[in-house]
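The values are calculated or read from the model by the stated rules, or taken from the named source; none is laboratory data. Quick caveat, the model's predicted, so the values are computed rather than measured. Don't worry about glycine lacking a Cβ; one is built from the backbone with ideal geometry, like all the others, and counts go over all protein chains shown. The protein model used for the area step is the full one, side chains on, heavy atoms only, and it has no ligands, DNA or RNA in it. Shrake-Rupley method; radii C 1.70, N 1.55, O 1.52, S 1.80 Å.
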Amino acid sequence: MKLQCDVEVVNRMLPTYGMKNRGKGARAVLSIGRHVDKTTQRHNIYLMICTAKDRTGSKYKIKENIETFFTRFVEEGKATVRLKEPAVDICLSKADANSLKNFLSAARLAHRGNDTDSLPLSTLTPVRARDVEKPKKKLTIVSKKDYPLTSNFPYSLEQLQVSYCKLSRVDMRMLSLKALRRLDLSNNNIKKLPDTIGDLGCLAELILHNNHLETFSEALCLSSLQRTLQHLDLSQNRLQALPLQFCQLRELINLKMDNNGLVWLPFRISHLSKLRFLSAAHNQLALLPGDFRKLTLENLDLFGNPFAHPNPLDHTIQLTFPLTLQEMAARAVANLRIPYGPHLIPAHLCQDLEVAKTCDCGCTCVNYYIKTAVSMNLHLISHTVVLVDDMGGTDAPVQHHFCSLSCYSEFLDQCLQRGLR
């Protein structure tokens, strides 16, 4: 039984001599195994601690020699083993939580002396230098021959790049790297992301450039990524749409979606209030959602999309006179910001309210409205704009919704006054 972690051996007697402990842990390998006691010439079970400075290791007898275990923070990879003789506390930190639990369980059994034959004991030999190196923070693999098949990824990784390895799915071993902040799986053959990527509670950058992704799941949008994800690269995949819940990823600063088959951007894209860099070049966008007008960007690239040439006089009317009771009630709920949910109203009505449109007058329309598109200069929402087409244009069509005929008529009057046709 072995465990890699940071270890500090604290002598409890030092304060009585007016001395202090060093107060800093060192990378170590802990082993539990049998060793011949020089005094009794009997085999006893020992705990051996090997560090970079002491690779041969220091041994401590375990059987009936552990005063107590401190395991309050074991889920954080921390624990303390207090020995009776010598009077030391062995403080463990930066350990894998599951490995630490298994190690402590083995230490308890060895202490009691019960069923020691079934314990997974190790040979107490000096360790290799690489086993006691500092925790690895960054790992880059760009060749299939370098991909680890029999060994795990270092638990301490904060940055992991695995590219050009022809992965068809995400290796589940990656999902146990709880300290991971940057995951780069670009240039593989991944078709689907597991929802458990959302369990990586520190993940700030997710690079999925040049894969075979066809969907981005709702579960990922509603996971802990809502609080951590700042950079997302989905370029060069096979996406045609993103879920409505995508705009729950409200910490996003940089979003890349180039070279997909997107026909529509997320309806509530303005909810990505921290977004500053947006790239969706070479997709199949004909129109931009009305919410697009509320963005505040530093850089925007929409080159190579088949944008339509809008005419405000071309419109779609989806109105009834008078409005249905359901439409009037739905508008009231949205305009007055009345709380709602599936526990209060039917789920399909919740879905309708989630995609409610905002009229130019500021009021909400749900299922009944007038729809048209108007050209907008993208410099109104972004400091830097990549040309939309080869003609040097920076205008793109943005969808508008109107809650009534009077709002639409007023809009047309304004367009005519500006000389728009």
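Using alpha-carbon pairs under 8 Å, 6+ residues apart, how would you state the relative contact order of the chain in percent?
Computed value for the chain: 8 percent relative contact order.
Over the chain, with the other protein chains present, what is the accessible area per residue in square angstrom, probe 1.4 angstrom?
Counting only protein heavy atoms, the per-residue value for the chain is 54 Å².
Find the percent of Cα-Cα distances in segment 304-390 that exceed 20 Å, and round it to a whole number.
The share of Cα pairs beyond 20 Å in segment 304-390 comes to 52 percent.
Please state the charge dipole magnitude for segment 138-284, taken about the Cα centre, from unit charges on C-beta atoms (+1 on K and R, -1 on D and E), reported in debye and rounded to the nearest 20.
It comes to approximately 100 debye.
Can you give me the relative contact order of segment 339-389 as a percent, contacts being Cα pairs under 8 Å and 6 or more apart?
Relative contact order comes out at 18 percent.
Could you order the peptides 300-312, 325-337 from most to least packed, using the average number of other C-beta atoms within 10 Å per residue?
Descending mean neighbour count gives 300-312, 325-337.
How large is the translational diffusion coefficient of the chain in µm² per second when you combine the Kirkwood radius over alpha carbon pairs with Stokes-Einstein at 37 °C and 0.692 mPa s?
On the way: Rh = 26.3 Å.
Once the numbers are plugged in, D ends up at 125 µm²/s.
Under 19 Å Cα to Cα from Lys166, which aspartates and glutamates show up? Leave out anything in the same chain fewer than 8 places away.
Asp146, Asp184, Glu214, Asp233
With point charges of +1 on the Cβ of Lys and Arg and -1 on the Cβ of Asp and Glu, referenced to the Cα centre of the chain, which listed residue (Leu349, Leu185, Val9) lies farthest in the positive direction of the dipole?
Ranked along the dipole, the leading option is Val9.
Please work out how much length the chain gains when fully extended from His379 to Arg250, using 0.36 nm per residue of separation minus the C-alpha to C-alpha distance, in nm with one decimal. Working shown, then result.
Working: separation 129, 0.36 × 129 = 46.44 nm, distance 2.28 nm.
Contour length minus Cα-Cα distance gives 44.2 nm.
Sorted by mean Cβ packing within 10 Å, highest first, what order do the peptides 286-293, 134-141 take?
Top of the packing list down: 286-293, 134-141.
Given axes a ≥ b ≥ c from the Cα gyration tensor, I'd like to know whether segment 278-322 is rounded (a/c under 1.5), prolate (a/b larger than b/c) or oblate.
It comes out prolate by the Cα gyration axes.
Taking θ = phi - 60°, what integer Hz values does the Karplus form 6.51 cos²θ - 1.76 cosθ + 1.60 yield along segment 288-302, in sequence order, with x for Gly and Pro?
9, x, x, 5, 4, 5, 8, 6, 10, 10, 9, 9, 9, 10, 10
Out of residues 5 or more away from His400 or on other chains, whose amide H comes under 5 Å of its own, with H placed 1.01 Å from N in the peptide plane?
Placed amide hydrogens put Thr372, Ala373, Val374 under 5 Å from His400.
Alpha carbon centre of segment 263-309 versus segment 71-93: separation in Å?
If you average the Cα positions of each part, the centres end up 53 Å apart.
Looking at the chain, what % of its DSSP beta bridges pair antiparallel, to the nearest 5?
Taking every DSSP beta bridge within the chain, about 65 percent pair in antiparallel fashion.
Counting only protein heavy atoms and a 1.4 Å probe, tell me what percentage of the chain's accessible area is made up of carbon and sulfur.
Whole-percent figure for carbon plus sulfur exposure: 51.
Would you compute, from DSSP H runs of 4+ residues alone, the mean residue ellipticity of the chain at 222 nm, taking -39500 (n - 2.57) per run and dividing by the full residue count, rounded to the nearest 500?
-4000 deg cm²/dmol
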